[in-house]
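The values are calculated or read from the model by the stated rules, or taken from the named source; none is laboratory data. Because the structure is predicted, anything quoted here is derived from the model rather than measured. Backbone-built Cβ (ideal geometry, glycine too); neighbour counts: all protein chains shown.
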Amino acid sequence: MRYLSTRGHPDRRHFCEILLEGLAPDGGLYLPERYPQVDAPTLERWRKLPYAELAFEVLSLYIDDIAPADLRALCAKTYTEEVFGTEDIVPLRELEDGVYLEALSNGPTLAFKDMAMQLLGNLFEYELARRGEELNILGATSGDTGSAAEYAMRGKKGVRVFMTSPDGRMSPFQQAQMFSLQDPNIHNLAIEGVFDDCQDIVKAVSNDLEFKRKYKIGTVNSINWARLLAQVVYYFAGYFQATGSNDQKVSFTVPSGNFGNVCAGHVARMMGLPIHQLVVATNENDVLDEFFRTGVYRVRGAADTHETSSPSMDISKASNFERFVFDLLGRDAAKTRALFEGELGKSGRFDLSADPAFANAATRFGFVSSRSTHADRIATIRDTDKRFATLIDTHTADGLKVAREHLSPGVPMIILETALPIKFAASIVEALGHEPDRPERFIGIEALPKRVMRLPKDVDAVKRYISQHCD
């Protein structure tokens, strides 16, 4: 298996090369040259596998430069009941007839990002030890990626983490999870701006090839293919739990801002998993919903990026979206490059509404979408608590509200849970009048000493900080 860039760079890379690299040299995102196909007998063989074994089977289709025994051991080390709180790892709960929640938030930081980040930490440590090298991870977070990455990488040999976040725009719990870590290999950088500014800084540093190579810069954002690949596994796991045979179809609803989580569903569907629809649920920052409804991808500036009660989705530049557009355009790298480097760079938008590729996109790729508002979130949290005695967070509420708009008779709908409610306590108090339950290990976390550096929205300032703490 080799990997190519969405923007046409001639090199083809092995998995472990792109594991440590992040963006391709031309600024594109890596994708496999082809999607391995999974047939009905294979699905049947996988149906009863424990999660760690299922992860090994899926990953081994894409990874041929890690010995199978080592890859199996890495999966077994990652996906344990001790780490994820349950033997099922991602248990499914039926809320109402044909509507399910897939629990992805039982990991160390109470968010779905743990599902991939825990594996990524073990992969990084394995590959760096094999090479005798070090890696400086530069990331951007709107809330959950940062803590998931830092908890996965803390204490890992040969790894430093430099995590940017929008100053003051995460929930107090999310900030405390990150900023309270005192590990010397963890560096929190609060940027004076919004998430998209942080993401732009990460891409700018990654595109400075001289700096990137000198300081061995890697990434854990979902632009990293390894992280997205790990997320593909729980689509298979959810499908097996919701169905009794492999001739059934299911739909998935995914709260989405950066398009990484739902892009993993796109990969699973391209592999042959029987997915009817992939429902993209956005909040008021609805750049993705606008595209799937109209064919226009229109990036918003910082002033037009709303601060909402589902803050991990307060994103108006969906960095993973390029992977889907590449597939949508028949893997035309020149056209993809022209859109993302040309039109988007010049005008902040591109329009595919008249392109034949967009006309049948929903049929070919299964994508549909809707948006949710703060009032919708609060109402959905109240309703779910009252009718099903189930407490959900604000992002999952966005997903549940939107999912009900896209139900199909006889097709199970699986909503991907994104975080536990304690991460967004203020909204739970608004909806229900009381604080959500808090795991004992996080009691008093907001009062712990903070370790964070505030920096301006400036690429050079971030580069200086990295260089000062690597030399």
What residue, among those in the range 245-288 that are among the small types (Gly, Ala, Ser) and at pLDDT 95 or above, is farthest from Lys113 (Cα to Cα)?
Gly272
Residues being of a type outside the set (Lys, Arg) and either touching a His at 6+ places or on another chain (Cβ under 7 Å) or modelled with pLDDT under 90 (or both) - total across the range 147-162:
4
Check the range 425-438 and report whether any residue there is free of Cβ contacts under 8 Å to residues at least 40 places away in the same chain, surrounded by 14 or more Cβ atoms within 10 Å (Cβ to Cβ) and either among the hydrophobic types (A, V, I, L, M, F, W, C) or touching a helix residue (DSSP H, G or I) at 6+ places or on another chain (Cβ under 8 Å) (or both).
yes
Selection from the range 297-307 of residues in a loop (DSSP other than H, G, I, E, B) and surrounded by fewer than 21 Cβ atoms within 10 Å (Cβ to Cβ) yields Val299, Arg300, Gly301, His306, Glu307
So which of Met163, Met170 ends up being surrounded by 22 or more Cβ atoms within 10 Å (Cβ to Cβ), in contact (Cβ under 8 Å) with a residue 60 or more places away in the chain, under 24 Å from Lys203 (Cβ atoms) and not basic (Lys, Arg)?
Met170
In the range 327-365, the residues that are of a type in the set (A, V, I, L, M, F, W, C), touching a strand residue (DSSP E or B) at 6+ places or on another chain (Cβ under 8 Å), farther than 16 Å from Ser5 by Cβ and part of a helix (DSSP H, G or I):
Leu344, Ala361, Ala362, Phe365
Working only within the range 407-423, note down all residues that are crowded, with 23+ Cβ neighbours inside 10 Å and either closer than 20 Å to Glu307 by Cβ or among the polar types (S, T, N, Q) (or both).
Thr418, Ala419, Pro421, Lys423
Residue hits (the range 49-62; farther than 13 Å from Glu87 by Cα and over 19 Å from the mean Cα position of the chain (by Cα)) are Leu54, Phe56, Glu57, Ser60, Leu61
Report the residue count in the range 380-406 for those that are of a type in the set (A, V, I, L, M, F, W, C), surrounded by fewer than 17 Cβ atoms within 10 Å (Cβ to Cβ) and touching a residue at least 24 places away in the same chain (Cβ under 8 Å).
1
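One line per residue, one yes/no per condition, for (1) surrounded by 23 or more Cβ atoms within 10 Å (Cβ to Cβ); (2) part of a helix (DSSP H, G or I); (3) in contact with a strand residue (DSSP E or B) (Cβ under 6 Å, 6 or more places away or on another chain); (4) not aromatic (Phe, Trp, Tyr):
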position	(1), (2), (3), (4)
Val202	yes, yes, yes, yes
Ser206	no, yes, no, yes
Arg213	no, yes, no, yes
Val220	yes, no, yes, yes
Ile223	yes, no, no, yes
Scanning for something within 19 Å of the chain's Cα centre (by Cα), closer than 26 Å to Glu307 by Cα and not acidic (Asp, Glu), does the range 424-431 turn up at least one residue?
yes
